[in-house]
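Worksheet for the structure shown next.
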Amino acid sequence: MNDKLALPVGTTLDRFIMRKQEEFPFATGELSQLLRDIALAAKIVNREINRAGLLDVTGAYGNQNIQGEEQQKLDVIANIRFIRALRNGGEVCTIISEEEDDVIQTGNHRGKYIVAIDPLDGSSNIDVNVSIGTIFSIYRRKSETGSNGTMEDCLQQGTRQVAAGYVIYGSSTMLVYTTGHGVNGFTYEPSLGEFFLSHPNITTPADGTTYSCNEGNMNSFPEGIQNYVNYCKDQNYSARYIGSLVADFHRNLLKGGIYMYPPTNKAPSGKLRLIYECNALAFIIEQAGGKATTGFKRIMDLQPEELHQRCPLLIGSAKMVDKAEAFLKEVE
Ligand code: AHM
Ligand code: MG
């Protein structure tokens, strides 16, 4: 699973991507270029986020996204930046974004790739200076090149991702990604404008003692999840919930833990989106040795039926996810 060639900590992201490409003699370099395009957009968005406290760019923009949530101005900016970078790069025929109702055709008919993106997740945290993130998945198109990508290209199972990653804009900014050969994390050095390899071959602990969920919804969680949360308390596990998926996920990935967004009365299918949020993180956690399920099914096996579909998510250390699933089965 892990990389053939270990590159030293401190390797720049560009060099890392280039060296990885050399391990695949038939690679055309398009995926590498696409990853670089995403990294460039991430740097631009990072700059906007860092300025957000200074300039008047925070706060509600006054319109709502397709899920009826208020769109923050920085969400809009991040959406524009990523779409622009992906369109200009030329490798992507179609983009689907959590912030857009419909698919975005880039006009790059020769582009082999589809990108699904949540440009700025955890947007309610923007105004309060808490970590937020970008989440992305890359798929190879199924249709022939030479025309726009199709809906079938966009509605692919998570198992078909060729790469996925996230950017966390936190106390430092990091980009973490996988191409299916392990997970690597890069920390951004703003004065040099470069991402450097800081977390090579990330593996997540098989077990953990941290659980993350919005316990305010406890009364409307399925009985099995309520029982599991009570089990976590009986074990004196730590509760940690930022309400910013990327930040909660990142902590649990490195330290061990489980993140849960089960069905609730308000969100009967869970809140998170299969295509923009769950699949990418599921690919990463599996590559790091963890698990991601709905409580009953592997996330990456789900067949998306529509772009903005939601699904329940249990994700993190394998033993914790197994345990939560066992509690769900017990009351089935
Ligand atoms: P968003 O995509 O609108 O930002 O919503 C997703 C966020 C996640 O980052 C976070 O884990 C979750 O919503 C928090 O939801 P809640 O406030 O219901 O606990
Ligand atoms: Mg989101």
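Values in this text are rule-based calculations from the coordinates and carry no lab data. Predicted model only: the values in this text are computed from it and were never measured. Positions of Cβ are generated from backbone atoms using ideal geometry, with glycine treated the same way; all protein chains shown enter the neighbour counts.
Using the Cβ atoms and a cut-off under 12 Å, what net charge is assigned to the surroundings of D322, where Lys and Arg are +1 and Asp and Glu are -1?
Result for the local shell: +2.
What FRET efficiency would be calculated for the residue pair M18, K266, taking the C-beta separation as r and a Förster radius of 30 Å, to the nearest 0.05?
Working: r = 46 Å, r/R0 = 1.54.
Result of the calculation: an efficiency of 0.05.
Could you list F136, F196, F221, F327 so that the one with the fewest beta carbons within 10 Å of its beta carbon is first and the one with the most is last? Each step should come with its number before you reach the end.
Details: F136 28, F196 16, F221 22, F327 19.
Exposure proxy ranking, most exposed first: F196, F327, F221, F136.
Which ³J(HN,Hα) values in Hz, rounded to whole numbers, follow from the phi angles of segment 121-135 under the Karplus curve 6.51 cos²θ - 1.76 cosθ + 1.60, where θ = phi - 60° and Gly and Pro get x?
8, x, 4, 5, 8, 4, 5, 10, 6, 9, 3, 10, x, 10, 10
Determine which lysines satisfy two conditions relative to K319: a Cα distance under 26 Å, and not lying fewer than 8 residues away in the same chain.
Within the straight-line limit of under 26 Å, K319 reaches these lysines: K233, K255, K271, K291, K297, K329.
Net charge near L31, counting Lys/Arg +1 and Asp/Glu -1 over other residues with Cβ under 11 Å of its Cβ? Could the numbers behind the result be given before it?
Details: positive: K20, R36, K112, R140; negative: E30, D37, E91.
Overall, the nearby charge balance is +1.
Could I have the simple spin-label model distance between Q235 and S147, label points 7 Å from Cα toward Cβ, reported in nm to one decimal?
Each label point lies 7 Å from its Cα, and together they span 5.2 nm.
Counting other C-beta atoms within 10 Å, which of M174, M320, M300 has the fewest, and how do the rest follow?
Least crowded to most crowded, the residues run M300, M174, M320.
With Rg and the Kirkwood Rh both taken from Cα atoms, where does Rg over Rh land for segment 223-307? Please list the in-between numbers first.
On the way: Rg = 13.3 Å, Rh = 14.0 Å.
That ratio equals 0.95.
For N219 and T159 in one chain, what is 0.36 nm times their gap in residues minus the Cα-Cα distance, to one decimal in nm?
Details: separation 60, 0.36 × 60 = 21.60 nm, distance 3.33 nm.
This chain segment gains 18.3 nm when fully extended.
Between R110 and T203, how high is the FRET efficiency from 1/(1 + (r/R0)^6) when r is the Cβ-Cβ distance and R₀ = 41 Å? Nearest 0.05. Write down the numbers at each step before the final one.
Numbers: r = 37 Å, r/R0 = 0.91.
Given R0 = 41 Å and the Cβ-Cβ separation, E is 0.65.
Taking neighbour Cβ counts within 10 Å as the exposure measure, how do V128, V103, V9 sort from fewest upward? Please list the in-between numbers first.
On the way: V128 7, V103 19, V9 11.
Lowest count first: V128, V9, V103.
By the gyration tensor of its Cα atoms, with a ≥ b ≥ c the square roots of the eigenvalues, what is the shape of the chain: rounded for a/c under 1.5, prolate for a/b over b/c, or oblate? Could you put the intermediate results ahead of the total?
Values: a/c = 1.39, a/b = 1.32, b/c = 1.06.
Because its axes are fairly even, with a/c under 1.5, the chain counts as rounded.
When the chain is treated as a GNM, springs tying every alpha-carbon pair under 10 Å, which of I285, I17, I225 comes out with the largest mean-square fluctuation?
I17
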